[in-house]
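> Have a look at the structure that comes next, please.
No lab work stands behind these numbers, since they all come straight from the coordinates. These numbers come from a predicted model, not from an experiment. Reconstructed Cβ throughout: ideal geometry from the backbone, glycine too, with neighbour counts over all protein chains shown.
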Amino acid sequence: MKFFLDTANTEEIRRGVELGLVDGVTTNPSLIAKEGRDLEELALEICELVDGPVNLEVVSTDAVDMIHEARYLAGLHKNVYVKLPMIREGLKALHVVAQEGISVNVTLIFSPGQALLAAKNGAAIVSPFIGRLDDISQEGMGLISEILLMYENYDFGTEVLVASVRNPVHVVEAAKMGAEIATLPAKVLEQLMKHPLTDIGLEKFLADWNKRKTPA
Ligand code: G3P
């Protein structure tokens with residue numbers, strides 16, 4: 001299973017990379033805007049930090065502009081995957097740019113049917129947003145299992161990226177289902193690492209060690 005970090009913050013990315021756990025990065029317009037930096041400069045810095053896909057999203061909403069933006073983003077660095085939203089115009093743009101060899105992540109997926117269309121049109125990755133489904137009382141993980149089940153019947157070559165992850169349980173459930181990728185906020189990566197019994201156990205081991213009787 002691949003772990004992507006869901007952030008445009010270079011400090012968070014650096015800390016994740018140090019752990020050896022970051023296979024890629026996902027951003028979206030909200031995450032980029034939060035950093036208050038020039039897109040191109042920030043994108044290039046992230047691409048130099050991470051040896052893997054760096055997902056950058058278009059902000060155009062009609063196919064012609066999306067195609068131009070996708071070509072521009074993909075041209076920034078070899079690591080760039082272009083995120084296109086799952087709308088009619090996004091599907092049109094996907095059809096064109098996927099054939100040009102641009103790796104596309106179709107984002108804002110909320111139904112199995114949307115994931116089917118994206119795969120058929122050549123998406124390298126689909127991003128179902130599970131946390132946002134949970135937010136409206138629909139079980140997000142159910143969507144992941146439906147997409148994986150559907151894709152098993154075909155040879156699309158599309159990877160399922162579990163997005164809008166809010167807690168460690170989402171990640172473990174995604175791994176049990178065999179999703180290829182989960183994109184994690186830095187906080188969830190920290191949470192996955194922690195267990196109170198680990199900290200208590202280590203504290204006790206070290207306290208015992210420090211109280212040891214040294215051989216005469
Ligand atoms: O990966 C998509 C993610 O950025 C959206 O997460 O928490 O805003 O629903 P969230």
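> Kirkwood Rh over Cα pairs of region 2-211 into Stokes-Einstein at 25 °C, 0.890 mPa s: D in µm²/s?
My calculation gives 137 µm²/s for D.
> A further question on this structure: Search the structure for amide H atoms under 5 Å from the amide H of residue 159, placed 1.01 Å from N in the peptide plane, and list their residues when 5 or more places away or on another chain.
125, 126
> At 0.36 nm per residue, and after removing the present C-alpha to C-alpha distance, how many nm does the segment from residue 208 to residue 51 gain when stretched out fully?
Full-extension gain reported as 52.3 nm.
> By count of other Cβ within 10 Å, fewest leading, how are 211, 120 ordered? Don't skip to the end; give the middle numbers.
Values: 211 7, 120 14.
Starting with the residue having the fewest Cβ neighbours, the order is 211, 120.
> So what's the angle, to the nearest 10 degrees on a 0 to 90 scale, between helix 168-177 and the longest Cα principal axis of the chain?
Taking the Cα atoms of the chain, the angle to 168-177 is about 60 degrees.
> Also: Please find, in a Gaussian network model of the chain (springs between Cα atoms separated by less than 10 Å), the residue of 49, 197, 161 whose mean-square fluctuation is greatest.
The residue that fluctuates most here is 197.
> List the aspartates and glutamates whose Cα lies under 17 Å from the Cα of residue 92, skipping any in the same chain that are fewer than 8 positions away.
Cα-Cα hits under 17 Å: 57, 62, 65, 69, 100.
> For region 118-184, which chymotrypsin sites (Phe, Trp or Tyr not before Pro) are both in a DSSP coil and crowded by at most 14 other Cβ atoms within 10 Å?
Those that pass, being in a loop and sparsely packed, are 154.
> Just tell me which lysines come within less than 18 Å, Cα to Cα, of residue 194; anything on the same chain fewer than 8 places away is out.
204
> Can I ask one more? Quick one: 64, 54, fewest Cβ neighbours within 10 Å first, how do they rank?
With the fewest neighbours first, 64, 54 line up as 64, 54.
> Using the count of nearby Cβ atoms within 10 Å as a rough guide to exposure, how do 137, 103 rank from fewest to most? Can you show the working numbers first?
Working: 137 6, 103 17.
So the residues, fewest neighbours to most, are 137, 103.
> Report, to the nearest 10°, how far helix 88-99 tilts away from the longest principal axis of the Cα atoms in the chain, using its own Cα long axis and a range of 0 to 90°.
Between helix and principal axis, roughly 80 degrees.
> If you add up the charges near residue 59, with Lys and Arg at +1 and Asp and Glu at -1, over every other residue whose beta carbon is less than 13 angstrom from its beta carbon, what do you get? If you can, show how the numbers build up before the last one.
On the way: positive: 83; negative: 57, 62, 65, 69, 89.
Neighbour charge sum, excluding residue 59 itself: -4.
> Let me ask something else. Go from 0 up to the bin containing the longest alpha carbon distance in region 100-216, width 10 Å each, and give me the % of pairs per bin.
With 10 Å bins starting at 0, P(r) equals 13, 36, 22, 11, 9, 6, 3, 0.
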